[in-house]
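A quick write-up on the structure given underneath.
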Amino acid sequence: MFLELAHTKLDVFKVTKEFVLVCYRETKKFPAEDKFGMISQIRRAALSVHLNIAEGCSRKSLNERKRFYEIARGSLIEIDTAIDIAVNLTYINNEKLQPLGKLMIRAFQLISKMNTA
């Protein structure tokens, strides 16, 4: 925000930021009794994706960068799994999740590409 570093201009950074915002919006629709369960877990994992991209970009070592990108990718997989449970619990339906799904797939592709570079 204040540091105007190069990583903030990357597509992956923009996509994961939007992904976090959509995750927060969608989990607002979940039942209040799950506030400290699935809602919290999805939000923390979504933020983890974005933050690990930022931190990975700041690392000088290629191996360190890749490790942070791998953690970000793992968090995406964690969210995908939690969303599947949320759909099965009828907290939300698949149709309303299409924008989230598209962002998730795009973020996964971009992060995967970064890990092979």
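Here, each number is a calculation from the coordinates, and none is a lab measurement. The structure displayed is predicted, hence computed values, not measured ones. Here the Cβ is made from the backbone with ideal geometry for all residues, glycine too, and neighbour counts use every protein chain on show.
Among residues other than R65 whose Cβ falls under 14 Å from its Cβ, what is the net charge (Lys/Arg +1, Asp/Glu -1)?
Values: positive: R59, K60, K66, R67, R73, K113; negative: E55, E64, E70.
Its environment carries a net charge of +3.
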- [ ] Please find, in a Gaussian network model of the chain (springs between Cα atoms separated by less than 10 Å), the residue of R106, R43, R25 whose mean-square fluctuation is greatest.
- [x] R25
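Please report the relative contact order for the chain, taking Cα pairs under 8 Å with a sequence separation of at least 6, and give it as a percent rounded to a whole number.
About 32 percent, as a whole number.
Net charge near N94: determine it from the other residues with C-beta under 15 Å of the C-beta of N94, scoring Lys and Arg +1 and Asp and Glu -1. Provide the component values of the computation, followed by the final result.
On the way: positive: K29, K96, K102; negative: E26, D80, D84, E95.
Net local charge, N94 excluded: -1.
For L51 and K28, compute 0.36 nm times the residue count separating them, minus their Cα-Cα distance, and round to one decimal in nm.
Details: separation 23, 0.36 × 23 = 8.28 nm, distance 2.12 nm.
Length difference between fully extended and current span is 6.2 nm.
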Task: C-alpha long axis of helix 11-27 to longest principal axis of the chain, angle in ° - done: 20
TODO: Name the residue, out of I92, I83, I42, whose mean-square fluctuation peaks in a Gaussian network model built on the chain with Cα pairs under 10 Å.
DONE: I92
Task: Inter-label distance for Q109 and I77, nm, one decimal - labels placed 7 Å from Cα along Cα-to-Cβ - done: 2.0
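Enumerate lysine pairs in region 11-117 that are 8 or more residues apart or on different chains, then count those whose Cα atoms are under 14 Å apart.
Working: K14/K102; K17/K102; K28/K96; K29/K96; K66/K113.
Within region 11-117, the lysine pair count is 5.
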- [ ] Taking the chain as the reference, fit the longest principal axis to its C-alpha atoms, fit the long axis of helix 98-116 to the helix C-alpha atoms, and give the angle between the two in degrees, 0 to 90, nearest 10.
- [x] 30
TODO: Just add up the charged neighbours of A107: K/R +1, D/E -1, any other residue whose Cβ is under 14 Å from the Cβ of A107.
DONE: +1
